[in-house]
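> Right, I'll just put the structure down here and ask away after.
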Amino acid sequence: MPVVVIKVEYLPGVEDPEALTILKNLNILGYGGVKSVQTSKSYQLNVQGSEAEAKKIAEDVAEKILTNPVIQKYSIRILKK
Amino acid sequence: MTEAAETQINVQILGKSPQYLMELSQSMSLGLSQEEMIMLQNYFEGIGRNPTDVEMQAMAQAWSEHCCYKSSKFYLRKYFGGLEKHDAILAMEDDAGVVAFDDDYAYVLKMESHNHPSAIEPYGGAATGVGGIIRDVLCMGAQPVALVDSIYFGEVWADEWKEKTLHPRFILNSVVGGIRDYGNRVGLPNVAGSVDFDRSFNHSPLVNAGCIGIVRKDGIIRSFVSKPGDIFVLAGGRTGRDGIHGVNFASANLQEKSGKNKSVVQLGNPIVKEPLIHAVLEACDVHIVDGMKDLGGGGLSSSVGEMCLSGGVAAEIDLEKVLLKEPAMLPWEIWISESQERMLMAIDPLNLPELSRIFEKWDIEFSVIGKIVEGNNLVIRHNGLTVLDLDLDFLTSGPVYCRNFEIPDRKIIDYVLPAENFNLKELLMKFLSNPENCARFNITRQYDHTVRGSTVIRPLSGKPNHETHSDAAIIKPVEQSNRGLAITAGSRYDMVAVDPLAGTLATMTEAYLNILATGSMPNSVVDCINLGNPEDPIIMGQLVQISSAISEFCRKLALPVVAGNVSLYNQYSGADIKPVPNIMMVGITPDVAHAVSTDFKKAGSSIYIIGRESSSLGGSRLLKFLGLESSSVPWFDMEELAAISGPFVRAAGTGLILAAHDISSGGLIQALLEMSFGSGIGFTVDLSEISPARTIEKLFSEGGERILIEVSQENDERFRELLDGIQITRIGSTNENSITITDLQMPVLDGTVEEFREAWVHGLDNYI
C-alpha cells in the first residue's frame, strides 16, 4: 500500500506567527545563528491502490480540505518502503 | 516635484481616453470607477503633470468605499448628523465612540465588519477583524476590556457543495477558530454577540467584531495631530506585502474567490498585539502621545492622511524608515500595505527617549517615519526621491455619492396557519434543535469569558456546565466602582428583510430589552450595517430605511449613536445578502451587585410578563421554520419602551427581580424554556390572560416590548407597586423541574425541563 505524505505550508509573504515567535525565542536563548524559521504541517496517508491513484487521491484531499489556496500551498511525496 | 522624482514610475493619464483610464484602474487593481478616474485626470491636468504610481495607489485607497464611505456618507450625515450626544464625549468623530462612564472614567466602543476577508480566508479574516477592532479602541488611549462578535453563516447543514466558494461549515469552524484564538491569546474576554444562519449568507458570511474599553477622561487620545514639529512613530508589527488592496477589494463585489485574491488577506499575530497594548497604554499614562491611530484598511496611506487632515496640518514621510517584513518592497506597497498589529503615534521629538524606553521594555519594534509640518501638501519620499506630493484635502476627502434609492412596494402576504391543532411537543422539539434556534454553546464555550476577572454576567448563565443564554453580558471595568457596563449585539435580520424600517426598530428594541433585562439602563449605540451592492437603488433604499429607523429610535429613547460602520457589496453572482443592521448597544448597570441574569432561581416564584401583549407571528422564527411567509413585522412602540425602562431599572436595583429574560426570537415559549434551562427549575404557566389569540400565536409571537420576570411570591405586592402604571401580567409560577402550559383550562404542553433542554443543547453538534 503506498504511503503518501502531504506537506502543507504558508505561501511566501503570509505571516507565520508561530515561526516568528519561535525565532524570537531562539534568539533570546542565544541561537543567534538561526536567521529564519518556517512552520509546515505534514499528513501521512496509507492509501489502497497504485502509486498514481494514491497521488491523485492525496491531491484531491489536499485541495478540498487540507489547504486554503489563499494562504497555503502543498506538496506531495510518496514514501518508498 | 523635485528633479529626482522623474526617475520614479509615472503613470500616464494626461490626455488618455476614459476607456484607457478604466483599463488602467483594472490593471493596477485600483477599484476606481471611470468617473473617479476622470476626476483624478482633471486634478493632475490642473497641476500639470502625470501622477506617480504611489499617488495613484494612495488615491485609490483613500477613495475606496471602505475609507471614505462614498456611497453611504450622504445618508449617514442626513440621519445621524443632527442626533444629540447625551452622555457621549466623542460621537462619530474619531476611530471609536467615547461615552462618559462616571465622573472620572469614559468607556470606548466600536464595532466593525470584516466580511470580505472572512469569505476567502475565514480564520485569518475573523482573527484580524478582532485584532483591528481592539486597535480602534486602544488608539483612543483606552484599555480594552471586552470583545463581542456577531457572526452570520450560510447553510452549514448542506451536504452537497458544488460552488467554488468555501463550504459554510468550513467557514463557521474557521471563523469561530479565528475569533477564539485571537481573543483568547490576547487576553480579552469575549462576552456577547450573536450567531445566525441563513441561506443568503452562503457565499457572503458576515463577521462583525466589536470591542469596548475604559479610559480616564483626562487620558483620551484623539485620532488627529495638530502640532507641527511632532514626529510620527510607527510601532508594533512590521510592514509586509500581506493585505495589499484589501479596501479596494471590499469595495467591489466578490465574484469567484480564488487564490488570485491572496494579496488581500492578512494574518493576525496576537502574540505581538498583547505587549503592544501594554506598551501603548504605558506611553499614554505618561502623557507623551499627542495623537494616535491604528493602521487598518488603507494602511499608512489612510492613517497618515486622516490624522493630518483632521488636525489641519501636513506631513513629510520617509518610506525607507518603515520596518519591513521582506526586503525590496516597492514604495507604493509600503504605503498601502494593511499588515496587522501596527499603531501610528504622533509625539514631541523630546519625548522620543521616554517612548523608546517603554517600547524596548515591552520588546516592541518601532521607527520614526516622518514629521508633521504646516501646509496643505502631504509629501512622501523614498530614499530621498519624492514619490507623492498631493493636496491632503483632495487626497483624503474622497467623492460623495448621493446614490438613487428606491423603496419597493411590498406585496401583502398574510400567513395562514393550518386550521388543525399542532402537535406542539413534537413541533417544539424540532424547533428547538434547529440550528437557528438551538443553544450556541458549541461556539461560545470556545471563548474565554472571564479573563481579566471583571465579567459579572457571562454569556452563559446558570449552573456550571448546565447554563442557558444570557441577554446581555456585564463587565465591571473599574476596580473602585461597582458600576457595570452591559453589552449586547445582534440583528433581527429576518424582520429587516421583510420590512427594513420595522425590522430595524425590532433590532433596536431587542438590544434595548437585552440591556434592560439585566437591570441596566441603555446608554449608547454603535451600528454596523451590512448590505449588498449599493449601485442597486433597492439596496440604497435599505440603507436609507435602516438609517432612518436607527435615528428615530435613538431620538425617541435619548440614546447617542457614537460610532458606525457600513459594509457594502456583500453579494455573490448577483445575489445580495439579506440586509443586516447589526446593533451593538451598551448600558450602565448602577450596581453590579443587583445585576439580573436569565436563569430561574428557585421553585415557587411568580412569573410575570412586563409590557404590551402581541400575538402576530409576522417575521417570527416559527414562520420561517414552517416555511410560511408574511409581509408584516410587528411594530414596536418606542414610547412604551421609554415608559417601562426607568421603573424597571429601579425595581431591579431593589434586588426584587430574581431573573429576567426578554421575549424575542422564538417568542414566549423559547424565553420561558431558556429561563428553565439554566437551572433545571420548571414552570407552570397559563396563557389565558395574555390575549385572545390562538395558543400557537401566543407562544411564538415575537412582537411587543416584553420581558419575563421571576419574583418571589412574598414580594408580589411590592413588585406591583414599583411598576405601578405599567402593564404587567402574572402568568404562572416556577416549580421543581416540570413544564406545564395550559390555555383556557386546556392542557397545551407537558414535559420535563431536561427533555426540552436535551433537544435544544445539541442542535449544532453535527456542524461544529
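A short reminder: the numbers here are calculations on the coordinates, not readings from a lab. If you're wondering where the values come from, they're calculated on a predicted model, not measured in any experiment. A quick note on method: Cβ atoms are made from the backbone with ideal geometry, for glycine too, and the neighbour counts reach across all protein chains shown.
> What is the sum of charges, Lys and Arg at +1 and Asp and Glu at -1, for the other residues whose Cβ falls under 13 Å from the Cβ of residue A:62?
Neighbour charge sum, excluding residue A:62 itself: +3.
> While we're looking at this one, here's another question. Considering the dipole of region B:1-113 built from charges on the beta carbon (Lys and Arg +1, Asp and Glu -1) around the Cα centre, which of B:44, B:21, B:11 is farthest to its positive end?
Comparing the listed Cα positions along the dipole, B:21 ranks first.
> Equivalent ellipsoid semi-axes for region B:1-143, as square roots of 5 times the alpha carbon gyration tensor eigenvalues: give them largest first, rounded to whole Å.
Taking √(5λ) for each Cα gyration eigenvalue gives 38, 19, 17 Å.
> Can you give the convex hull volume of the alpha carbon atoms of region B:90-227 per residue, in Å³?
115 Å³
> Continuing with the same structure: Give, rounded to the nearest 20 debye, the magnitude of the charge dipole that the protein assembly as shown has about its Cα centre when Lys and Arg contribute +1 at Cβ and Asp and Glu contribute -1 at Cβ. Don't jump to the answer; show the numbers that get you there.
Numbers: 73 positive and 108 negative charges, 336 e Å.
Taking the Cα centre of the protein assembly as shown as origin, the dipole is about 1620 debye.
> Using 10 Å bins from zero, what percent of all Cα-Cα pairs in the protein assembly as shown falls into each bin?
In whole percents, the pair-distance histogram is 2, 13, 22, 24, 19, 12, 6, 2, 0, 0.
> For region A:3-79, with the dipole built from +1 on Lys and Arg beta-carbon atoms and -1 on Asp and Glu ones, taken about the Cα centre, which of A:21, A:72, A:31 lies farthest toward the positive end?
Toward the positive end, the furthest listed residue is A:31.
> Could you give the size of the charge dipole of region B:389-501 about its Cα centre, using +1 on the Cβ of each K and R and -1 on the Cβ of each D and E, expressed in debye and rounded to the nearest 20?
Charge dipole, region B:389-501, about its Cα centre: 740 debye, nearest 20.
> How fast does region A:3-79 diffuse by Stokes-Einstein, in µm²/s, taking the Kirkwood radius from C-alpha pairs at 25 °C and 0.890 mPa s?
174 µm²/s
> At q = 0.10, 0.12, 0.15 Å⁻¹, work out log10 I(q)/I(0) for region B:545-665 with the Debye formula, treating every Cα as an identical point scatterer and leaving solvent out; two decimals please.
-0.49, -0.70, -1.03
> Got a sec to turn the phi values of region B:123-138 into Karplus ³J(HN,Hα) couplings, 6.51 cos²θ - 1.76 cosθ + 1.60 with θ = phi - 60°, whole Hz, x for Gly and Pro?
5, x, x, 6, 4, 6, x, 5, x, x, 6, 4, 5, 4, 6, 4
> Mind sorting B:24, B:14 by how few other Cβ atoms lie within 10 Å of their own Cβ, fewest first?
By the 10 Å Cβ count, ascending: B:14, B:24.
> Counting only residues 5 or more places away or on other chains, whose amide H sits under 5 Å from the amide H of residue B:324 once H atoms are built in the peptide plane?
Answer set, sorted by chain and number: B:239.
> Based only on the alpha carbon positions, what is the Kirkwood hydrodynamic radius of chain B, in angstrom?
Details: mean 1/r = 0.0372 Å⁻¹.
Kirkwood hydrodynamic radius for chain B: 26.9 Å.
> Which of B:325/B:371; B:164/B:430; B:217/B:293; A:24/A:73; A:41/B:578 have a Cα-Cα distance over 27 Å?
Those over the limit are B:164/B:430; A:41/B:578.
> From the residues B:473, B:446, B:753, which one has its Cα farthest along the dipole of the protein assembly as shown in the positive direction, the dipole being from +1 and -1 charges on Cβ of Lys/Arg and Asp/Glu about the Cα centre?
It is B:446.
> Work out, in µm²/s and without decimals, the Stokes-Einstein translational diffusion coefficient of region B:571-641 at 10 °C, 1.306 mPa s, Rh from Kirkwood over C-alpha pairs.
92 µm²/s
> Any idea how far the Cα center of region A:63-77 sits from the one of region B:1-80, in Å?
So the separation of the two Cα centres works out to 37 Å.
> Another question, then. Given just the C-alpha atoms of region B:4-51, how large is their convex hull per residue in cubic angstrom?
70 Å³
> Per residue of B:120-127, what is the mean number of Cβ atoms on other protein chains within 10 angstrom of that residue's Cβ?
Numbers: counts 4, 6, 2, 2, 5, 1, 0, 1.
Shielding by partners across B:120-127 averages 3.
> Taking N as the number of residues in region B:557-602, what is its alpha-carbon radius of gyration divided by 2.2 N^0.38 Å?
Dividing the Cα radius of gyration by 2.2 N^0.38 Å gives 1.95.
> Okay, moving on. Across 10 Å bins from 0, what is the distribution of all Cα-Cα pair distances for region B:501-571, in whole percents?
Histogramming region B:501-571 at 10 Å steps yields 19, 49, 25, 7, 0 percent.
> Could you list log10 I(q)/I(0) for region B:596-694 at q = 0.17, 0.24, 0.25 Å⁻¹, which the Debye formula gives when each Cα is one point scatterer?
At q = 0.17, 0.24, 0.25 Å⁻¹ the computed log10 ratios are -0.95, -1.42, -1.44.
> Related question: At R0 = 35 Å, how high is the FRET efficiency between residue B:716 and residue B:483 if r is their beta carbon distance? Nearest 0.05 is fine.
Numbers: r = 30 Å, r/R0 = 0.85.
Between residue B:716 and residue B:483 the formula returns 0.75.
> Continuing with this model, one more query. Residue B:556: which lysines have alpha carbons under 26 Å from its alpha carbon, excluding same-chain residues fewer than 8 sequence positions away?
Output for residue B:556: B:73, B:78, B:85, B:110.
> Okay, next question. Averaged over peptide A:69-75, how many Cβ atoms belonging to another chain are found within 10 Å of each residue's Cβ?
5
> Something else: Per residue, what volume in Å³ does the Cα convex hull of region B:446-563 take up?
In region B:446-563, the Cα convex hull volume per residue is 140 Å³.
> Moving to a separate point now. Ignoring everything except DSSP H segments at least 4 long, calculate the 222 nm mean residue ellipticity for the protein assembly as shown; use -39,500 (n - 2.57) per segment, divide by total residues, nearest 500. Kindly include the intermediate steps, with their values, before the conclusion.
Details: 27 runs with 280 residues, N = 849.
Result for the protein assembly as shown: -10000 deg cm²/dmol, rounded to the nearest 500.
> Report, as an integer, the average count of C-beta atoms from other chains found within 10 Å of each Cβ along B:77-85.
0
> From the phi angles alone, apply the Karplus equation (6.51, -1.76, 1.60; θ = phi - 60°) to region B:664-679 and give each ³J(HN,Hα) in whole Hz, x where the residue is Gly or Pro.
Along region B:664-679, the couplings run 9, 3, x, x, 4, 5, 5, 5, 4, 4, 4, 5, 6, 4, x, 10 Hz.
> Now for a different question. Can you give me the P(r) profile for region B:711-764? Cα pairs, bins 5 angstrom wide beginning at 0, each as a whole percent.
Spelled out per bin, shortest first, that is 4, 14, 18, 16, 15, 16, 11, 5, 1.
> Neighbour counts of other C-beta atoms within 10 Å: give me B:600, B:74 arranged from fewest to most.
Least crowded to most crowded, the residues run B:74, B:600.
> Once amide H atoms are placed 1.01 Å from N in the peptide plane, what residues at a sequence separation of 5 or more from residue B:666, or on another chain, have their amide H within under 5 Å of its amide H?
Result for residue B:666 returns B:621, B:622.
> What is the list of residues in region B:426-468 whose amide nitrogen lies under 18 Å from a point 7 angstrom out from the Cα of residue B:629, following Cα to Cβ?
Backbone N within reach: none found.
> Using the crude model of +1 on Lys and Arg Cβ and -1 on Asp and Glu Cβ, and no other charge, please compute the dipole size for region B:341-386 relative to its Cα centre, in debye to 20.
About 160 debye.
> Moving to a separate point now. Label-point separation (nm) for residue A:48 and residue B:446, each offset 7 Å from Cα along Cα-to-Cβ?
Taking the two extended label points, one gets 3.4 nm.
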